[in-house]
1. Condition check: among the basic types (Lys, Arg) and within 15 Å of the ligand (Cβ to nearest atom). Does Arg67 satisfy that?
2. Looking at Asp285, is it within 16 Å of the ligand (Cβ to nearest atom) and either within 21 Å of the chain's Cα centre (by Cα) or basic (Lys, Arg) (or both)?
3. Out of (1) within 30 Å of Arg56 (Cα to Cα); (2) without any contact (Cβ under 8 Å) to a residue 60 or more places away in the chain; (3) within 16 Å of the ligand (Cβ to nearest atom), what's the single condition that is false for Ile100?
4. Out of all the residues in region 110-137, which are among the small types (Gly, Ala, Ser), away from the ligand (no atom under 14 Å from the Cβ) and outside any strand (DSSP E or B)?
5. Those residues that are part of a helix (DSSP H, G or I) and open to solvent by less than 30 Å² (accessible area, probe 1.4 Å), I need them from region 21-40; list them, please.
6. Scan region 118-133 and report the pairs whose first residue is touching a residue at least 12 places away in the same chain (Cβ under 8 Å) and closer than 15 Å to Leu152 by Cα and whose second residue is within 13 Å of the ligand (Cβ to nearest atom) and hydroxyl-bearing (Ser, Thr, Tyr), with Cβ atoms within less than 6 Å and a gap of 6+ or a chain change.
7. Which condition does Leu61 not pass, out of (1) buried (at least 23 other Cβ atoms within 10 Å of the Cβ); (2) in contact (Cβ under 8 Å) with a residue 60 or more places away in the chain, if it passes all the others?
8. What residue, of Val148, Val105, is part of a helix (DSSP H, G or I), touching a residue at least 24 places away in the same chain (Cβ under 8 Å) and closer than 18 Å to Ser279 by Cα?
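The values are calculated or read from the model by the stated rules, or taken from the named source; none is laboratory data. Everything quoted here is computed from the prediction, not taken from an experiment. Cβ atoms come from the backbone with ideal geometry, glycine included; neighbour counts cover every protein chain shown. With ligands, DNA and RNA removed, areas are computed over all heavy atoms of the protein, side chains included. Shrake-Rupley method; radii C 1.70, N 1.55, O 1.52, S 1.80 Å.
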Amino acid sequence: MKNILVIGSTGQIGSELTMKLRREIPGSTVVAGYIPGAEPKGELLKSGPSEVADVRDGQGLADIVARYDIDTVYNLAALLSAVAERKPLMAWDIQMNGLINILEVARERRCAVFTPSSIGSFGPSTPHKGTPQDTIQRPRSMYGVTKVATELLSDYYFFKYGVDTRAVRFPGLISHVTLPGGGTTDYAVEIFYSAVCGEEFVCPIAAGTFMDMMYMPDALKAAVDIMQADPSRLVHRNAFNVASMSFDPEIISAAIRKRIPSLKMRYEIDPVRQAIADSWPDSMDDSCARAEWDWKPSYDLDAMVDDMIANLRRKLL
Ligand code: AKB
């Protein structure tokens with residue numbers, strides 16, 4: 001990994017991943033790819049090159065890859081689960097037509113490609129507890145359909161053309177830097193903003209609904225480590241279960257209330273998000289990631305809550 005293109009560099013993952021790669025990969029050039037209307041700002045803009053990189057424009061991607069001699073592409077362009085239910089055709093266009101554009105450029109230019117999958121790639125018939133690496137994937141959301149197809153297409157390009165595709169299945173990601181937009185797990189970020197700002201939190205997900213979650217520093221570590229893993233050890237590629245914590249709204253609100261006793265929460269269930277959440281795993285088994293590339297998260301629930309609150313207090317108060 002030396003010359004890297006991050007597509008979706010101003011989004012929830014991209015904004016932090018681009019900065020981490022610039023800091024931690026010596027001698028690298030990390031191009032921040034963005035779409036018009038979501039331009040990089042501040043440090044992201046100043047610390048390296050940026051280019052318009054719309055996954056739906058294959059020629060535009062090919063030009064950037066050639067110009068910067070890109071060897072690794074992080075493809076983070078996606079509509080998240082709830083918004084993809086509102087705009088299924090757009091989700092298909094970005095997630096699938098966009099992916100094949102990237103894979104074609106990667107085939108021609110011999111780039112490695114990371115396109116994340118998600119807990120959203122599972123569905124109601126998947127075993128929900130200790131969800132295995134290799135299991136039934138029959139999601140009913142458009143987001144889930146595109147994530148399963150992403151895994152299959154990425155593997156196809158590896159087996160047929162030797163394109164070095166690798167990825168992880170991200171849980172809900174929690175970060176104090178950039179807000180997610182339109183996901184089912186967003187509540188687990190929003191509750192912190194309400195708690196720190198002293199506002200009542202209206203929870204769209206029912207008590208008792210468990211989902212895998214992960215603190216952003218662990219998610220970024222997973223994204224970097226999988227691309228640097230020894231390929232001879234990889235039995236799987238697209239995509240690895242990675243897990244660090246699983247909770248429901250009662251557990252996360254209790255953990256925050258231990259530090260901010262004034263937090264008030266009431267439920268107003270969003271039926272679309274609830275149906276999606278009910279179909280997702282409660283907790284994934286990530287033993288293949290641990291065995292094949294030494295995956296190990298650093299943050300459990302308490303460590304994550306402490307760090308989130310400290311950082312949001314600095315940011316918001
Ligand atoms: C979403 O909720 O849509 C995402 C995801 C789990 O992939 N955060």
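1. Working: among the basic types (Lys, Arg): yes; within 15 Å of the ligand (Cβ to nearest atom): no.
The answer is no for Arg67.
2. Values: within 16 Å of the ligand (Cβ to nearest atom): no; either within 21 Å of the chain's Cα centre (by Cα) or basic (Lys, Arg) (or both): yes.
So Asp285 does not fit the description; no.
3. Just one mismatch for Ile100, condition (3).
4. First, the residues of region 110-137 that are among the small types (Gly, Ala, Ser): 112, 117-118, 120-121, 123, 125, 130.
Pick out the ones that are also away from the ligand (no atom under 14 Å from the Cβ) and you get 112, 125, 130.
Within region 110-137, Ser125 is the sole residue that qualifies.
5. Matches in region 21-40: Leu21 only.
6. Listed by first residue and then by second, the contacts come to Gly120/Ser81; Gly120/Tyr143.
7. Failing condition for Leu61: (2).
8. Values: Val105 fails: closer than 18 Å to Ser279 by Cα.
It is Val148.
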